[in-house]
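The values are calculated or read from the model by the stated rules, or taken from the named source; none is laboratory data. Only a predicted model underlies this, so the values are computations on that prediction, with no experimental measurement involved. With ideal geometry, Cβ positions are generated from the backbone for all residues, glycine too; neighbour counts draw on all protein chains shown.
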Amino acid sequence: MSRDGKRVEPVEKKDALLVPANVQYTRDAKRGFYFLRGELRYWKLGVPATKVLLARTGNIFARWSDDEKEIRFADNQQRELYGIDPEAGTMRQITSLFTPTAEQNNKMKEELKKEQTELFDFLKKRKADRDTALARQRRDSIASPFVTPLKNTERMAGLDVPTGAKYVTYLVSVPRADTTATIYVDYVTESGFAEQRTARPKVGDAQAQNRLAIVKADPYAIPDSVKITWADTSGFGKAVNTTQYQWNKQGTRLVAEFLSMDFKDRWIALIDPATGKRIKELQHDHDDAWFGGATTGGQGGPTFFQFLPDGETLAVTSETDGWAHLYLVSMDGTKKQVTKGDWEIRSIGLSRDGTKWFIGAGMQHPNELHLYSMPVMGGELTRLDRTGEGEVTPRLTPDEKALAFLYASPRALTDIYLQPLDAAGKPTRVTQGGMDSF
């Protein structure tokens, strides 16, 4: 399809399969990568061909590191983190999974062991020799991937190492053994006989709980000496689930979101990574019904929150005033509401340069959806799509200077439009719904 919509040409399937999707660009949009048909490819502005960084079966869910020097992805069932330098083409293992032996939680035995060591000199000497040997082993060893302990019965998600590499953080969940699978009968089968099948447990059954694990990033640590510091989940007055967490790009601030198991309360709190304690409650939402909304935890999903470039301000969506709006929260708990009105934010994202928000909302009517921009610290919302009433599904170009979008109205079928984002830019319709070509 030509930009002016006047020329339509068929594309062979072999060529269509080479078109990448979900390209991850750097903030300056001059570099990017994508995973397509078993290959991780790196693109750089001005270089005619992409570079293959990795070829493998199975998909890769990769992302840029905070400093955009590495492409990172989790492997081994999302339990080990790897980094690729796209310029050099080298890959390194950042974390290493460690399964500790079964822990014996017997205080009497531990006290007896301590007492024996204190009473007998030769036991003291043997322990001192062992500690010296371990210290020598640590001194002479080479740097290794950071150890991440995980029991056989646990699952890991959200593995991350922030800027500065002082900690490794990840979510840990333990599947509930006391849940009952749903059993049903499938009557439409290839065999012609009714077959019994199983599905996930019922919604009201006991759910697994996630906890945030924090580990000191030590490349010389002996695996069985590595201990997890758990983010504190006490004091909420009810059982909670850790749904997500986020570091600022400086690697100095850690926040986590906690959702009550009855889906009626949410807390976002500042966490001390050294102790796991909650330093400050930044946001609390309560709803007598379940949470809903595209950016405020609908259907038990996570709330939108994101650090601003300064690393000291958190943007979060909340229904505090009855509508899903954007709030800016400082690390001391000071809060500022930056959008208001009888409408809700249905999508939101920060521009690549960190100076403004792109917000999807239906300000005119709940059945409409348009794209707006707003200064990052708040201000006037400017509508970007220059269409009539209807619904817009936008996609920004990597440099955020133009917009491609689907537009439909009560009187028109869905079509594709292109529009520059300058003051004089007008949308160009490039498809015509209802014609033979479409």
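Odds and ends about this structure:
- The range 183-216, residues that are polar (S, T, N, Q) and surrounded by 13 or more Cβ atoms within 10 Å (Cβ to Cβ): Gln207, Gln209, Asn210
- Any hit, the range 355-377, residues being on the phi > 0 side of the Ramachandran plot and assigned to a loop (DSSP other than H, G, I, E, B): no
- The single condition from (1) without any contact (Cβ under 8 Å) to a residue 12 or more places away in the chain; (2) surrounded by fewer than 13 Cβ atoms within 10 Å (Cβ to Cβ); (3) under 29 Å from Lys44 (Cα atoms) that Lys401 fails is (1).
- All positions within the range 376-415 that are more than 27 Å from the chain's Cα centre (by Cα) and basic (Lys, Arg): Arg383, Arg386, Arg411
- Pair list, Cβ under 8 Å, 6 or more apart: the range 259-286 residue crowded, with 19+ Cβ neighbours inside 10 Å, other residue of a type in the set (Gly, Ala, Ser) and part of a strand (DSSP E or B): Arg266/Ser260; Ile268/Ala256; Ala269/Ala256; Ile271/Ala256; Arg278/Ala269; Leu282/Ala269; Gln283/Ser318; Asp285/Ser318
- Residues within the range 369-390 that are touching a Gly at 6+ places or on another chain (Cβ under 8 Å) and crowded, with 18+ Cβ neighbours inside 10 Å, tallied: 5
- Any hit, the range 308-317, residues being surrounded by 18 or more Cβ atoms within 10 Å (Cβ to Cβ), free of Cβ contacts under 8 Å to residues at least 24 places away in the same chain, over 18 Å from the mean Cα position of the chain (by Cα) and not in a loop (DSSP other than H, G, I, E, B): yes
- Only one entry of Ala62, Ala29 meets the criterion of being within 30 Å of Asn248 (Cβ to Cβ), of a type in the set (A, V, I, L, M, F, W, C) and out of contact with any strand residue (DSSP E or B) (no Cβ under 9 Å at 6 or more places or on another chain), and that entry is Ala29.
- Test: residue in the range 179-201 that is of a type in the set (D, E, K, R), under 30 Å from Pro302 (Cβ atoms) and modelled with pLDDT of 90 or more: no
- Checked across the range 100-113, the condition of being surrounded by 14 or more Cβ atoms within 10 Å (Cβ to Cβ) and either at pLDDT 95 or above or outside the structural domain of Gly38 (by TED's automatic domain parsing) (or both) holds for at least one residue.
- Glu380 vs. criteria without any contact (Cβ under 8 Å) to a residue 24 or more places away in the chain, closer than 28 Å to Leu328 by Cβ and not in a strand (DSSP E or B): yes
- When residues of the range 82-97 are limited to those that are outside any strand (DSSP E or B) and of a type in the set (A, V, I, L, M), the one farthest from Val172 (Cα to Cα): Ala88
- From the list Leu413, Leu371, Leu406, Leu328, the lone residue that is without any contact (Cβ under 8 Å) to a residue 40 or more places away in the chain and under 22 Å from Ala315 (Cβ atoms) is Leu371.
- The set of residues in the range 323-356 being small (Gly, Ala, Ser) and in contact with a Lys or Arg (Cβ under 7 Å, 6 or more places away or on another chain) consists of Gly333 alone.
- Scanning the range 321-333 for residues that are surrounded by fewer than 19 Cβ atoms within 10 Å (Cβ to Cβ) and closer than 19 Å to Met363 by Cβ turns up Asp321, Gly322, Trp323.
- All positions within the range 202-231 that are in a strand (DSSP E or B) and more than 17 Å from the chain's Cα centre (by Cα): Val215, Lys216, Thr229, Trp230
- Residue in the range 364-387 that is over 23 Å from Phe305 (Cα atoms) and of a type in the set (Asp, Glu) present: yes
- Residue check for Ala208: in contact with a strand residue (DSSP E or B) (Cβ under 6 Å, 6 or more places away or on another chain) and either among the charged types (D, E, K, R) or under 27 Å from Tyr82 (Cβ atoms) (or both): yes
- Within the range 404-438, the only residue that satisfies the criterion of being among the polar types (S, T, N, Q) and loosely packed, with under 13 Cβ neighbours inside 10 Å is Ser437.
- Here is the figure for the range 164-201: residues that are part of a loop (DSSP other than H, G, I, E, B), more than 23 Å from Leu150 (Cα to Cα) and not small (Gly, Ala, Ser) total 8.
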